[in-house]
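The values are calculated or read from the model by the stated rules, or taken from the named source; none is laboratory data. Quick caveat: nothing in here was measured; it's all calculated off a predicted structure. Note that we place each Cβ from the backbone using ideal geometry, even for glycine, and neighbour counts take in every protein chain shown.
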């Protein structure tokens, strides 16, 4: 795949438009293919709507200082929309194709089967589904070794993380190429198994439901809970990953806290998984023992702590919460 591969998005909806902005911003030519049969008049309306939204997005990025206002015309010029009947040229020249049609298995399989017959054998094809497992779709692909799922988080043009989920037939070289392509446009890809919810949606579903449950139970108001998330939960996890945070404080703390919450709240949703107990038995507590979920052997722990704390101080400054000390000079 070339550095500036031609990108094709199947569908000109929200996901296709977000991906188009992300790649056009990074210098790629992007073609959104309308997968529905429409009259010429209806297609013209869709094209105007899609390109209008892409333009508005670039205009908003200019307002946020990411691009100069004069850059918008150059960037929008890299994006086009074509009807399904005129897609051959785009498909035959595509370096990578992103499928973003509605979350209906048979619809996706039908479209993927059709386009995979019209592309070069080395063209990488990815679904962007947030709910359907990659292997429920891969059987429709000609040469499924080049097929995988690439799950973007909205808004796709801003959120750095992209979850890459290979199927049983996906070759490792394809995964590496996709990671390199995403890194080349400033994204942070993570590879995960083909399981429901991937990584972020699975974790955030638990967190969002628990926040809603606390409102329902009268623990705190929605405003107070969100303040706690911004300045406590989110603040720490912007610097430390969840598993890194377990190791930072100690896996034993999570083990005992989980046992208490399970009993006090009468719910097994707080029960720690077996791996936490196993780490306890094996002495893999975290930083204190040199290993936990992560391996800290050979690490300068003091320097590591200082680096993480510095990142937290930078966040304090970002939020306008870094204040000078009060010194009593009387």
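Structure summary
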item	result
Test: residue in the range 261-283 that is surrounded by 16 or more Cβ atoms within 10 Å (Cβ to Cβ), farther than 20 Å from residue 237 by Cα, out of contact with any strand residue (DSSP E or B) (no Cβ under 7 Å at 6 or more places or on another chain) and in the same structural domain as residue 238 (by TED's automatic domain parsing)	yes
Output for the range 303-320, where each listed residue is outside any helix (DSSP H, G or I) and either in contact with a strand residue (DSSP E or B) (Cβ under 7 Å, 6 or more places away or on another chain) or without any contact (Cβ under 8 Å) to a residue 12 or more places away in the chain (or both)	320
Residue satisfying condition, being surrounded by 21 or more Cβ atoms within 10 Å (Cβ to Cβ) and either in the same structural domain as residue 28 (by TED's automatic domain parsing) or touching a helix residue (DSSP H, G or I) at 6+ places or on another chain (Cβ under 8 Å) (or both), within set 175, 191, 162	162
Cross-chain or 6+ apart pairs with Cβ under 8 Å, the range 48-67 first and over 16 Å from residue 19 (Cβ atoms), then surrounded by fewer than 13 Cβ atoms within 10 Å (Cβ to Cβ)	59/69; 62/68; 62/69
Residues satisfying the stated conditions in the range 1-47, i.e. surrounded by fewer than 22 Cβ atoms within 10 Å (Cβ to Cβ), in a helix (DSSP H, G or I) and touching a helix residue (DSSP H, G or I) at 6+ places or on another chain (Cβ under 7 Å)	25
Test: residue in the range 97-109 that is over 24 Å from residue 47 (Cβ atoms) and in contact (Cβ under 8 Å) with a residue 12 or more places away in the chain	yes
One residue from 91, 107, 66 being part of a loop (DSSP other than H, G, I, E, B) and either within 24 Å of the chain's Cα centre (by Cα) or in the same structural domain as residue 13 (by TED's automatic domain parsing) (or both)	66
The listed residue being within 24 Å of residue 153 (Cα to Cα), surrounded by 12 or more Cβ atoms within 10 Å (Cβ to Cβ), touching a helix residue (DSSP H, G or I) at 6+ places or on another chain (Cβ under 9 Å) and touching a residue at least 24 places away in the same chain (Cβ under 8 Å), out of 198, 235	235
